[in-house]
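Structure first, then comments.
Coordinate-derived values only; no laboratory data. Predicted model, so just to flag it, every value in this text is computed and none were measured. Note that we place each Cβ from the backbone using ideal geometry, even for glycine, and neighbour counts take in every protein chain shown.
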């Protein structure tokens, strides 16, 4: 694992960041971060984004629905591929951290954590929607803050290191921009 990153000190800093965020737990934050991390709680947001896309693109919205399916498939499966390739244990599975990582509801997730699928998916969606709606910074910022909050919740819950979330965010932004380019091209071909 150390070969992937520049030095063991970066991994040490990553672990310290995790322990600082995860170690600041309390019952209220446990509840909130568990809630923030639940993808189904965000269905109203997804419906709002779909409505905004429909409002702008009307009959061409079907292209965007196909693009969103492609987007989530690429970001999610891309993150799983990276996890299975890098094989970095999640903090909650790391033997050297047993007893140090606070686990909410005793949940941990799959064995590997680099990169975070939650971060990849939310940043991909934030990027794609912001570009499709041609939002200025002030409009896109809340969507990226939402994605960052979801990523933070994954660290807080002890299921990802900060670098897992940052890697997922970078993957998601890249996938979001790539799918936006494809969707924009397809839309340009339609009458």
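Taking the Cα atoms only, what angle lies between the long axis of helix 137-156 and the longest principal axis of the chain, rounded to 10 degrees?
Here the helix axis deviates by roughly 30 degrees.
When the helices in the chain are scored as -39500 (n - 2.57) per DSSP H run of 4 or longer and the sum is shared across all residues, what 222 nm value do you end up with, to the nearest 500 deg cm²/dmol?
Values: 7 runs with 132 residues, N = 191.
Calculated mean residue ellipticity at 222 nm is -23500 deg cm²/dmol.
To test your reading of the geometry: what angle, between 0 and 90 degrees and rounded to tens, separates the Cα axis of helix 117-132 from the longest principal axis of the chain?
30
For the chain, what is the relative contact order in percent, using Cα pairs closer than 8 Å and at least 6 residues apart in sequence? Spell out each step's value before the answer.
Working: 249 pairs, mean separation 58.7, N = 191.
Rounded, it is 31 percent for the chain.
Bin all alpha-carbon pair distances of the range 79-137 at 5 Å intervals from 0 and give each bin's fraction as a whole percent.
Spelled out per bin, shortest first, that is 4, 17, 18, 17, 14, 11, 8, 8, 3, 0.
Among 144-156, 117-129, how do they line up from the highest to the lowest mean number of other beta-carbon atoms within 10 Å? Let's see the in-between values first.
Values: 144-156: 20.9, 117-129: 27.4.
Going from most to least packed, we get 117-129, 144-156.
Please give the contour-minus-distance gain from residue 87 to residue 38: 0.36 nm per residue of separation, less the Cα-Cα distance, rounded to one decimal in nm.
Details: separation 49, 0.36 × 49 = 17.64 nm, distance 2.40 nm.
Between residue 87 and residue 38, full extension yields an extra 15.2 nm.
How would you rank 164, 106, 30, 14, going from fewest to most other Cβ atoms within 10 Å of each one's own Cβ?
Numbers: 164 31, 106 6, 30 16, 14 20.
Listed from fewest to most nearby Cβ atoms, that is 106, 30, 14, 164.
When 104, 28, 115 are ordered from fewest to most other Cβ atoms inside 10 Å of their Cβ, what list results?
Working: 104 21, 28 8, 115 28.
With the sparsest Cβ surroundings first, the list reads 28, 104, 115.
Compute the Kirkwood hydrodynamic radius of the range 39-189, taking the inverse of the mean of 1/r over all pairs of distinct Cα atoms, and give it in Å to one decimal. Before the final figure, lay out the partial values.
Working: mean 1/r = 0.0624 Å⁻¹.
For the range 39-189, inverting the mean 1/r across all distinct Cα pairs yields 16.0 Å.
Helix 61-86 versus the longest principal axis of the chain: what is the Cα-based angle in degrees, 0 to 90, to the nearest 10?
20
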